[in-house]
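Comments concern the structure below.
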Amino acid sequence: RLNNEMKEAIRELIQKVVEELLQKIRTQFLQALQGRRNRFKRSQLKQAQNFDWKRTIQSNLKNYQPDLQKLIIQTPYFNARVQKHLPWEIVLCVDQSGSMMDSIMYAAICASILAALPAVNISLVLFDTQIVDLSHLAHDPVEVLLTIQLGGGTNIGQALQYCQKKIKQPHRSILVLISDFEEGASVQQMLNTTNQLNQQGCKLLGLAALDQAANPVYDSNMAQKLQERGMQIAAMTPEHLATWFAEVMQ
């Protein structure tokens with residue numbers, strides 16, 4: 001039911017937070033794409049970001065032209081890079097049960113911020129008592145999350161088990177659960193799966209639901225149990241997401 005003006009305001013907020021987040025973690029993302037420089041190994045690949053200016057100056061000092069006051073570079077040197085790291089894999093697991101009705105805007109904004117990051121593979125999973133995998137639409141979750149409302153009960157454990165199967169490299173993976181943590185099915189299944197993911201090395205983030213007035217709306221007792229099993233829990237507005245997410249990725 002949103003009008004175009006409201007949708008544009010949402011997109012502007014998302015872009016603002018994305019830019020802030022990139023400023024905080026740009027170094028980590030670039031390393032994920034390129035690998036760190038190895039200054040002890042040379043490369044024949046001549047790229048500006050690999051340029052070894054110290055070695056180049058030292059090796060070409062004999063070519064200095066006093067009359068021109070210039071150093072003539074005959075042999076430039078470049079560093080190799082260590083083995084490239086795999087990109088981060090982020091699985092967004094978004095609760096769309098009936099109890100999340102007031103938080104759907106918040107979920108859409110947070111999901112869109114994470115989906116806009118470079119050097120990540122994004123999966124988008126929506127659930128109530130059913131599971132819908134919309135990873136192929138993860139590049140624009142605003143439209144997805146603001147137009148689809150499942151509205152049934154809640155089975156968080158089942159959704160986490162589904163997401164667990166999608167994770168290929170746990171130590172380079174982050175599972176983000178956006179929910180009010182009001183489990184309507186097996187609590188033990190939810191807690192056991194959370195514990196398994198944590199032991200496998202997957203980073204677990206629980207973004208607690210906020211209503212339209214930015215007030216936390218979630219089961220604090222259940223959130224505490226998830227936290228005890230390795231999931232970091234936070235109730236925050238999207239503006240604070242950048243700082244928190246950057247800390248996790250470091």
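The values are calculated or read from the model by the stated rules, or taken from the named source; none is laboratory data. Everything quoted here is computed from the prediction, not taken from an experiment. So basically every Cβ, Gly included, is an ideal-geometry build from the backbone, and we count neighbours across all protein chains shown.
Residue count for segment 155-182 satisfying the condition of being closer than 18 Å to GLN232 by Cβ and either touching a Gly at 6+ places or on another chain (Cβ under 7 Å) or not aliphatic (A, V, I, L, M) (or both): 10.
Of all the listed residues (LEU61, LEU45, LEU33, LEU86), the sole one being part of a helix (DSSP H, G or I) and at pLDDT below 65 is LEU33. Scanning segment 136-168 for residues that are of a type in the set (A, V, I, L, M, F, W, C), closer than 26 Å to PRO87 by Cα and modelled with pLDDT under 70 returns ALA138, VAL142, VAL144, LEU145. Reported count of residues in segment 89-112, each being in contact with a Leu (Cβ under 8 Å, 6 or more places away or on another chain) and at pLDDT 75 or above, is 8. Taking (1) out of contact with any strand residue (DSSP E or B) (no Cβ under 6 Å at 6 or more places or on another chain); (2) surrounded by 12 or more Cβ atoms within 10 Å (Cβ to Cβ); (3) modelled with pLDDT of 65 or more in turn, VAL120 satisfies each apart from (1).
Just one of the listed residues (ASP133, ASP180) is under 21 Å from ALA208 (Cβ atoms) and either surrounded by fewer than 23 Cβ atoms within 10 Å (Cβ to Cβ) or at pLDDT 85 or above (or both), and it is ASP180.
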